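So the structure is just underneath, and the comments pick up after that.
No value in this document is a laboratory result; all are computed from the given coordinates. Since the model is a prediction, treat every value here as computed from it, not as a measurement. Neighbour counts run over all protein chains shown; Cβ positions are idealised from the backbone, glycine included.
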């Protein structure tokens, strides 16, 4: 979603770094480009004006203009001001002492509340919590069944109270959680417009019955400023504590994320970046801003890698690399782990400096799938000994994987180069280890 805005900002700072000396005129030209980039990204115009004014005041100070690295200081100023747009509220849920902790999810129809409820439950399990899910949407056909299916797929407990009254369903779920030892209750509500007084009174009644510690507004980031205005109205009527932005993996302009805190006064606490159950994470603005400015997001990359790669598999792989015993099966295993980390363009965007040099249009999302298909089309002997791959074997593998001989050749060539590099790395580490052992004093 932020690919276009990030590219524009990085181009602006790229031209700024080529300036020999920073002048007020250069700053104004840079701010004009930043203003256009933010407006084109659908950021609220009042937010843009205030943001540009703050950057101008700081960037035209004499200590910045006379600095040896003025362009870097301007980038740092823009980074600081972008972070201020999101406030300093902590991401995730509040630290309520009462158990069970009740979380109420509200929003417009079609914003993704039911899916977000299941994703949030899955995230809580990863935090060592024990959530109970309940749907109070008795109006939409099969809404309760949808949450039941999502909960079953995510291995989550879903309350199955038979009453058709939304308030009683929510209260019954809280009673069940208290009785069975669940420490969180996630309440999915029916989609509604803020102008629908009857439905708004219903959510007020649910709020009074269950006393939630968190009242989250689920906003579709694809709707842009409409999501911000809706969040503001819901906050005025209900007292929203946080916003969950869904569909951040879409191709919208992303202005809602940069506007919601300043306009509504409510922090973004979670962001959904995909359709999988694991594609929900606490919203960390410092990581988003780093990606926007082309600085990468190594922490998120490490977290995704830790979730996708089994520790025992990683240790075993490291041992085989040191022994130069890596095979195509190992390569397939690593490619599948990368696939579990999320879309390839997202993963590349987290690598400092790489995302800006590799536009989303140039990232072949199906490359990993084709490479895995090529390896799966080989025999066990061929995967262990790729040197036996002659012309006829390569043609057979290409037909079996639905690819071309050229793609098979490319994979084998890349694997050979990788083994050569890993062999040199493994040999270097072994030689260093041997020298360290020789340097140790003799034990008496």
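If we sort 112-121, 400-409 on the protection proxy, mean other Cβ atoms within 10 Å, highest first, what's the order?
Put in order of decreasing packing, that is 112-121, 400-409.
Given labels modelled 7 Å from the Cα in the Cβ direction, how far is it in nm from residue 226 to residue 211?
Rounded to a tenth, the inter-label distance reads 3.8 nm.
Order the peptides 87-94, 168-175 from the highest to the lowest mean number of other Cβ atoms within 10 Å of their residues.
168-175, 87-94
Can you tell me how much longer the chain between residue 99 and residue 15 gets when fully stretched, taken as 0.36 nm per residue apart minus their C-alpha distance, in nm with one decimal?
Length gained, residue 99 through residue 15: 24.8 nm.
Ranking request for peptides 95-101, 392-398: highest mean number of other beta-carbon atoms within 10 Å first, then the rest in descending order.
Most protected by this proxy first, the peptides run 392-398, 95-101.
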